[in-house]
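Enquirer: This is the structure I have questions about; it appears just below.
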Amino acid sequence: MTDREPPSFFRAKPVWVRGLHERMNSTVGFHVSLEYLGDPLVLRLAAANTYRIWLNGKWFAYGPARAAHGYLRVDEWDLASALVDGANSLAIEVVAYRVNSFSVLNAQGCLMAEVTRGEEAVAWTCARTGRFCPGVLEHRVRRVKRFSYQRPFGEAYRLTPQSDTWRVEGWGQRDWPPYLDNLEVVPKLLPRRMPYPEFPLRSLTEVGQGRFTIDETIKESKSLARSNVGLNLLGFASDELEVRQGVDWDQCRFGPVESGADVLGVLLEQGTYVDFDLPANLTGFLRVVVSCEVPVRLLAGWAEFKESEHLDVYQQETDNIISWELEPGRYELEGFEANTFRHLRLVARKGAVRIHSVEQRGYEAPARLSSYSEDPELAAIQRAAVSTYCQNTVDTFMDCPSRERAGWLGDSFFIGRAAQALGESLGAETAFLENYLLAPDPFFSLPDGMFPMCYPSEHYYPEFIPQWSLWLVMQVDDYQKRGGDAELVARYESRLRRLFAWFANYENGMGLLEKLPGWNFVEWSKANELVQDVNFPTQFLYAAALRAFAGLFGDTAFAARADAVAKESLAFSRSEGERWFRDRALRKERGLEVTADSTEICQYSPFFFDLIKPEDEPELWRRLLSEFGPGIEHPEVHPANLLFGWIMRFDLLKRYGQREQLLKEVKAMFGPMAQKTGTLWEHDQAKASLCHGFGAYVLALISE
């Protein structure tokens, strides 16, 4: 199967268990026995929302790549490396969340899978004739809180030693297996297009132990993750929850961390905890091998960063906690959801448990940098950038792999450039742009013509970022210049015309955008407080997007509009003799009046979008070079943040040959990040996401 061929199956049909089609947070296991005679066996599958594969009881793979509404991407896994001669057991777990989120769709749960030997299907899913046998897995607790506002559910488990035996033995002699239904509406199939992920096993290092007491007066969690579920945010209400991981965690009054003997193989008594670290902030699946002789409740909590003994499991308005309730026995525990952490705490909330091993199974793209700088600081930044890229491009282009795992526009423009710096194929970006083109149009409650701010996702609130759709235009242009799929680019023309028709509704008599609705976003700084009525960073972006469209599709009228918007906004935002571009104009009785506010990103934007060049504004360019930089607070101009002001600055330093200054500033900005977390952050401080995809663009900036 190639990316140019539409995927197909010989016999498989998309199926789901009868009665679970609308049920939230359902986990279904599918098992089949296979006979291996030495000839190649390939598993082809598509699923909603996520799947995990076990072969002969051993972890094998995870997926899929994400797709638009009404579509599924098809994966192919060669099973040869894990097969044994004779009988084999193949097990597939599928989770259907059935809620809206930024990371997955509220899609009908399904599995469409078949095992092929050459051109013959030897096992397949089908309601009546399929060989895969289903079972509903109730040991993952359904009624739990959402992991975050942006992602579906957290994880809690109630396990016995027999909970996972189905992966090898199947379902045994059940009198009444669950009925399967073939889906009435069959999703359309797309190639994966993206590279397949890597799953490296990483051991964690113990860093200390301690004790805790229980404060049962605490009845509500300190979690900031949204709990106001309802029609616009689906999930379980507080009084429906079966397990409250946050309350269980918050009731623990943790004493100081003490260094101690290696806990592995040693009994962790009730009321004790142990802390572990990874060498860097990494994404994957927590794996803990334990045994117990009494019933146990084991909690795992994690964080991307900590500056003291305190482990903040709610660092990003997320619930970074897994709960396991275990009957006596031995267990190989493994989280189903991908999570990002450097610091881990295991808590013996009830009963004594023996910890045999603690690992993270990585989940990342297989990108590599061909060579690293001989400068140790730059090499560390490059390693952090590669890690950031790999964690954020595993199944789509993402903003971050932790809080959201969402395919955000804006961020994606710079991730595409990072991929080019790594020498990556355009497959991942093709899939990303294909998803946006295939998104419902109009998109739920958004205005006609507007794109969602992140996708694949499901938004029931009428929230959108108008600037992000302009960044999409810029990315399509960039993609085309990188040799992207010409057919895909051509298909964007009519859709982008409708986008610009929406923007035209807000052009004033000067041709500038005025009073744009939605969440107007320039960057995480003072600039985001200055977005109305006429925002000049937005005008500069608008001019660039019009120009990009004109170049893509040979439209001279758009080119003229771009020139007019650029000329008008440059002149209006900075009168002759003024030192700085101003950020906005407000509509007053006498007309539009430019306010005194100036931000750093407003100075960089016209240069970044090639509306002006240093030779056009030599004095302003000189001031930008000499009066700004990491750690400098300018008395007249509000400072920038990473997303996007600093990235624009660094891009301009590279573009105009200021390499020495660029490397100095890159070290000042990204060096501490590389040292503290081994990843690059959303902000210029250690808050919010500490592994944000756009930061990988530094690879392109510091390359020779």
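Enquirer: Report the calculated FRET efficiency for H21 and F199 (r = Cβ-Cβ distance, R0 = 22 Å), to the nearest 0.05.
Expert: Numbers: r = 31 Å, r/R0 = 1.40.
The calculated FRET efficiency here is 0.10.
Enquirer: Tell me, D616, D533 in order of fewest to most beta-carbon neighbours within 10 Å?
Expert: Numbers: D616 12, D533 17.
By the 10 Å Cβ count, ascending, the order reads D616, D533.
Enquirer: Given the C-alpha atoms of the chain, compute the convex hull and give its volume per residue in Å³. The partial results should precede the final answer.
Expert: Values: hull volume 122.4 nm³, N = 704.
Taking only Cα atoms, the chain has a hull volume of 174 Å³ per residue.
Enquirer: Testing the spin-label approximation: label points 7 Å from Cα along Cα→Cβ at V229 and L586. State their distance in nm.
Expert: The modelled label-to-label distance comes out at 4.3 nm.
Enquirer: P(r) for segment 18-82, please, calculated from all Cα pair distances in 5 Å bins and given in %.
Expert: P(r) over segment 18-82, rounded to whole percents: 3, 12, 23, 23, 18, 12, 6, 2, 0.
Enquirer: Modelling each spin label as a point 7 Å along the Cα-to-Cβ direction, I'd like the R495/S445 distance in nm, to one decimal.
Expert: 2.3 nm
Enquirer: Quick one: Debye curve from the alpha-carbon atoms of segment 201-362 only, equal weights, vacuum; give me log10 I(q)/I(0) at q = 0.15 Å⁻¹ to two decimals.
Expert: Listed by q, the Debye log ratios stand at -0.81.
Enquirer: Another question, then. Can you give me the C-alpha center-to-center distance between segment 188-236 and segment 1-64, rounded to a whole angstrom?
Expert: That distance is 24 Å.
Enquirer: Using just the C-alpha positions of segment 15-137 as equal point scatterers, what log10 of I(q)/I(0) does the Debye formula give at each q in 0.15, 0.16, 0.22 1/Å?
Expert: -0.66, -0.74, -1.31
Enquirer: So, one more: Which ³J(HN,Hα) values, rounded to whole Hz and listed in residue order, are derived for segment 200-216 from phi using the Karplus coefficients 6.51, -1.76 and 1.60 in 6.51 cos²θ - 1.76 cosθ + 1.60 with θ = phi - 60°, glycine and proline given as x?
Expert: Each residue of segment 200-216 in turn: x, 8, 10, 7, 9, 9, 5, 10, x, 9, x, 10, 8, 10, 10, 10, 7 Hz.
Enquirer: Pull out the extension gain between R142 and T129, defined as 0.36 nm times the separation in residues minus the alpha carbon to alpha carbon distance; nm, one decimal.
Expert: Computed gain between R142 and T129 is 1.7 nm.
Enquirer: Now for a separate question. Quote the FRET efficiency, to the nearest 0.05, computed for I218 versus R383 with a Förster distance R0 of 56 Å and r equal to the Cβ-Cβ distance.
Expert: Numbers: r = 41 Å, r/R0 = 0.73.
After rounding to 0.05, the efficiency reads 0.85.
Enquirer: What whole number of Å gives the distance from the Cα centroid of segment 517-582 to the Cα centroid of segment 361-418?
Expert: For segment 361-418 versus segment 517-582, the Cα centre distance is 29 Å.
Enquirer: Which lysines does K515 reach when only Cα atoms under 25 Å apart count, and residues fewer than 8 places away in its own chain are ignored?
Expert: Leaving aside lysines fewer than 8 places away in the same chain, those within reach of K515 are K526, K567, K588.
Enquirer: In whole Hz, with x marking every Gly and Pro, tabulate ³J(HN,Hα) for segment 295-312 from phi via Karplus 6.51 cos²θ - 1.76 cosθ + 1.60, θ = phi - 60°.
Expert: Coupling constants for segment 295-312: x, 9, 10, 10, 10, 10, x, 8, 8, 7, 7, 8, 10, 8, 5, 5, 9, 8 Hz.
Enquirer: In segment 29-133, which trypsin sites (Lys or Arg not before Pro) are in a loop and have at most 13 other Cβ atoms within 10 Å, using DSSP for the loop call?
Expert: Working: sites: R44, R52, K58, R66, R73, R98, R117, R128, R131; in loops: R66, R98, R128, R131.
Qualifying residues, ordered by number: R128.
Enquirer: Which order do S412, S373, S259 fall in if you start with the one that has the fewest other Cβ atoms within 10 Å? Show your work: numbers first, answer last.
Expert: Details: S412 27, S373 16, S259 8.
Ascending Cβ contact count within 10 Å gives the list S259, S373, S412.
Enquirer: For every helix of n ≥ 4 consecutive DSSP H residues, a contribution of -39,500 (n - 2.57) applies; sum these over the chain, divide by its total residues, and give [θ] at 222 nm rounded to the nearest 500 deg cm²/dmol. Write out the running numbers ahead of the final one.
Expert: On the way: 14 runs with 171 residues, N = 704.
Calculated at 222 nm, the ellipticity per residue is -7500 deg cm²/dmol.
Enquirer: Still on this structure, I have one more. On full extension of the chain, what length is gained from N182 through L264, given 0.36 nm per residue of separation minus the C-alpha to C-alpha distance?
Expert: Details: separation 82, 0.36 × 82 = 29.52 nm, distance 4.68 nm.
Full extension from N182 to L264 adds 24.8 nm.
Enquirer: Note down the relative contact order for segment 201-362 as a percent, whole number, built from C-alpha pairs under 8 angstrom at least six residues apart. Kindly include the intermediate steps, with their values, before the conclusion.
Expert: Details: 377 pairs, mean separation 57.7, N = 162.
Answer for segment 201-362 is 36 percent.
Enquirer: Hey, another quick one. Expressed as a rounded percentage, what relative contact order does the chain have, with Cα pairs under 8 Å and six or more residues apart?
Expert: Details: 1600 pairs, mean separation 88.7, N = 704.
Answer for the chain is 13 percent.
Enquirer: A further question on this structure: Which chymotrypsin sites (Phe, Trp or Tyr not before Pro) does segment 134-212 hold that lie in a coil by DSSP with at most 15 other beta carbons within 10 Å?
Expert: Numbers: sites: F147, Y149, F153, Y157, W166, W171, Y179, F212; in loops: F147, Y149, W171, Y179.
Hits after loop and neighbour filter: W171, Y179.
Enquirer: Which of T217, T116, T538 has the fewest other C-beta atoms within 10 Å, and how do the rest follow up to the most? Present the calculation step by step, with values, prior to reporting the outcome.
Expert: Working: T217 6, T116 20, T538 24.
Placing the least packed residue first, the sequence is T217, T116, T538.
Enquirer: Measure nothing but the geometry: give the 0 to 90° angle between the long axis through the Cα atoms of 556-573 and the longest principal axis through the Cα atoms of the chain, rounded to 10°.
Expert: So the helix axis and the longest Cα principal axis differ by about 70 degrees.
Enquirer: Along the Cα→Cβ direction, 7 angstrom out, place labels at Y506 and D616. What is the inter-label distance in nm?
Expert: 2.4 nm
Enquirer: Using 18 Å as the cut-off for backbone N distance, which residues of segment 9-48 belong to the label zone defined by a point 7 Å from the Cα of V122 along Cα→Cβ?
Expert: Correct set: 10-12, 31-45.
Enquirer: Also, I was wondering about something else. Go through segment 601-649 and name the GluC sites (Glu not before Pro) that are in a DSSP coil and have 10 or fewer other Cβ atoms within 10 Å of their Cβ.
Expert: Here the sparse-neighbourhood loop sites are E615, E633, E636.
Enquirer: How high is the relative contact order of segment 4-122, in percent, with contacts defined as C-alpha pairs under 8 Å that are six or more residues apart?
Expert: Values: 245 pairs, mean separation 47.2, N = 119.
Computed over segment 4-122, the figure is 40 percent.
Enquirer: Related question: What residues have an amide H closer than 5 Å to that of F153, excluding those fewer than 5 places away on the same chain, when H is modeled at 1.01 Å from N in the peptide plane?
Expert: F147
Enquirer: Extension gain Q661-A560, at 0.36 nm per residue separation less the Cα-Cα distance, in nm?
Expert: Working: separation 101, 0.36 × 101 = 36.36 nm, distance 3.62 nm.
Contour length minus Cα-Cα distance gives 32.7 nm.
Enquirer: Continuing with this model, one more query. To the nearest 0.05, what FRET efficiency results for E576 and S626 with a Förster distance of 35 Å applied to their C-beta separation? Mind showing how you got there, number by number?
Expert: Values: r = 22 Å, r/R0 = 0.64.
Computed FRET efficiency for E576 and S626 comes out at 0.95.
Read-outs: derived from the displayed coordinates by stated rules, not from any lab. Note that this is a predicted model, so its numbers are computed, not measured. With ideal geometry, Cβ positions are generated from the backbone for all residues, glycine too; neighbour counts draw on all protein chains shown.
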